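Notes follow once the structure below has been shown.
No lab work stands behind these numbers, since they all come straight from the coordinates. Fair warning: this is a prediction, and the values are worked out from it, not measured in the lab. FYI the Cβ positions are ideal-geometry reconstructions off the backbone, even for glycines, and counts take in every protein chain you see.
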Amino acid sequence: MQRDKFLIEQTKLDEGWIPMTVMLNFKMLASLSKNVDVILKALETSDLIEISEDKKKIRRSLKHPLPEFNEGYRKAQEARTVYVKGFPLTDTTIDKLKAFFEPYKPFETIVMRKYQDKDKVFKFKGSVFVQFETVDVADAFMKAESVKYEDTELLRKWAADYNAGKAQEKEERRKKKADKTKKTTEQKETEGDEEQPAATDNKLPKGSIIFFSGVSKTCTREDIKECLDKFDADIAYIDFQRGHTEGWVRLQGENAAKPVLDKTDEGKVVIQDIEVTCKILEGEEEDKYLAKVMEEMVASKNKYNKAKRAGKKGRARGAKKRGSSPSRDAVLAKKKAVE
């Protein structure tokens, strides 16, 4: 209830009464039955729900009012909620999850975590939040030696720890982005008209190139960056052209690629809902690629320097005084007045 803003607003309209026509818009209830009489018959013995005299509306019993949804209530709920990850991305339903968690009951709610793909379709992330009835029940689940779904060992975390970790990751990404922007701005300000060092003066870091293959032909650099940002990749450059199915990502720093790939599923990532294979360039492959990049950087730098020198010469010529113009220190001759 506390997650459904629409339903909360509905309870404010008519002393808490909600029409059954509105309730049947909820897929969970409609999947059980669309027959109003059947639903009301099942609710007759409920201590929590009241039925209106005309049998057209229901509301929460006034003897059991909703709690106030403040920060204290949120923390109390979070204290008995657990994050569980490792369920199949496809063919996982709420009914299957309820059946799976049956041995660990009593629990109140199971929330399937979902995201919107490029087509605005909601898809399961493979993880859930389970809110148990009490902290003790949640604690017993967390202390279980092993919890497997089919043959997969599930990752379990307290919701509070998970939320704190995500908040910290978000803050670190924000700081890293801000620092990178600041550094770039400072470099541009200090460069001025100074000669740029040739690219050959610097060596590109080794262990920093990720080769990827299998992307969609509609994939863009932005899609690739968005994916790798989730693994805290500090990207220097994405060598990729739209329409191709493979490319390279150059990261900042020596051996920067390994920590990124260690966070993936054995080198597998999902871009535009397609599984993409990633690997670190090594040995001769890496040497050839870095040599190619250096050549391109040298050519680009030379072109830049040439254009800049040409611009300076142009400004110098443009600043030259015309022969008829007096010097700055010359006294202007008085013109005779025309009578």
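Using only the Cα atoms, what convex hull volume per residue in Å³ does the stretch 209-287 have? Mind showing how you got there, number by number?
Details: hull volume 6.7 nm³, N = 79.
So the per-residue Cα hull volume is 85 Å³.
Given a Förster distance of 51 Å, report the FRET efficiency between residue 213 and residue 34 from their Cβ-Cβ distance, rounded to the nearest 0.05. Don't skip to the answer; put the middle values down first.
Details: r = 48 Å, r/R0 = 0.95.
It comes out at approximately 0.60.
Treating the beta-carbon of each Lys and Arg as +1 and of each Asp and Glu as -1, no other charges, what is the dipole magnitude of the chain about its Cα centre, to the nearest 20 debye? Show your work: numbers first, answer last.
Values: 70 positive and 61 negative charges, 590 e Å.
That gives a dipole near 2840 debye.
Convert each backbone phi in the stretch 17-26 into a coupling constant with the Karplus relation 6.51 cos²θ - 1.76 cosθ + 1.60 (shift: θ = phi - 60°), then list the ³J(HN,Hα) values in order as whole Hz, x for Gly and Pro.
6, 10, x, 5, 5, 6, 4, 6, 6, 7
Mind checking the angle between helix 283-319 and the chain's longest principal axis? C-alpha axes, 0 to 90 degrees, to the nearest 10.
That works out to roughly 50 degrees.
How far, in nm, would the chain grow between residue 154 and residue 252 when pulled straight, counting 0.36 nm per residue and subtracting the alpha carbon separation?
Details: separation 98, 0.36 × 98 = 35.28 nm, distance 3.35 nm.
The span from residue 154 to residue 252 would gain 31.9 nm if fully extended.
From the helices alone, meaning DSSP H stretches of at least four residues, give me the mean residue ellipticity at 222 nm for the chain, per-run term -39500 (n - 2.57), in deg cm²/dmol to the nearest 500. Each step should come with its number before you reach the end.
Details: 11 runs with 134 residues, N = 339.
So the calculated ellipticity at 222 nm is -12500 deg cm²/dmol.
Sort the stretch 71-162 into rounded, prolate or oblate with this rule: let a ≥ b ≥ c be the square roots of the eigenvalues of the Cα gyration tensor; rounded if a/c is under 1.5, and if a/c is not under 1.5, prolate when a/b is larger than b/c, oblate otherwise.
Values: a/c = 1.93, a/b = 1.29, b/c = 1.49.
It comes out oblate by the Cα gyration axes.
Which one is right for this structure if Cα extents along the principal axes in Å is calculated from it: (i) 78, 45, 32; (ii) 109, 78, 37; (iii) 59, 53, 37?
(ii)
Cα axis of helix 159-191 to longest principal axis of the chain: angle in degrees, 0 to 90, nearest 10?
Between helix and principal axis, roughly 10 degrees.
Ranked highest first by the average count of other Cβ atoms within 10 Å around their residues, in what order do 88-100, 262-274 fall?
Numbers: 88-100: 12.3, 262-274: 13.9.
Ranking, from highest mean packing down: 262-274, 88-100.
Go ahead and collect, in residue order, the members of the stretch 8-44 whose backbone nitrogen is under 11 Å from a label point 7 Å along the Cα-Cβ direction of residue 59.
Output list for this probe position: 11-19.
Based on the alpha-carbon set only, what is the convex hull volume of the stretch 5-60 divided per residue, in Å³?
On the way: hull volume 4.7 nm³, N = 56.
Here the figure is 84 Å³ per residue.
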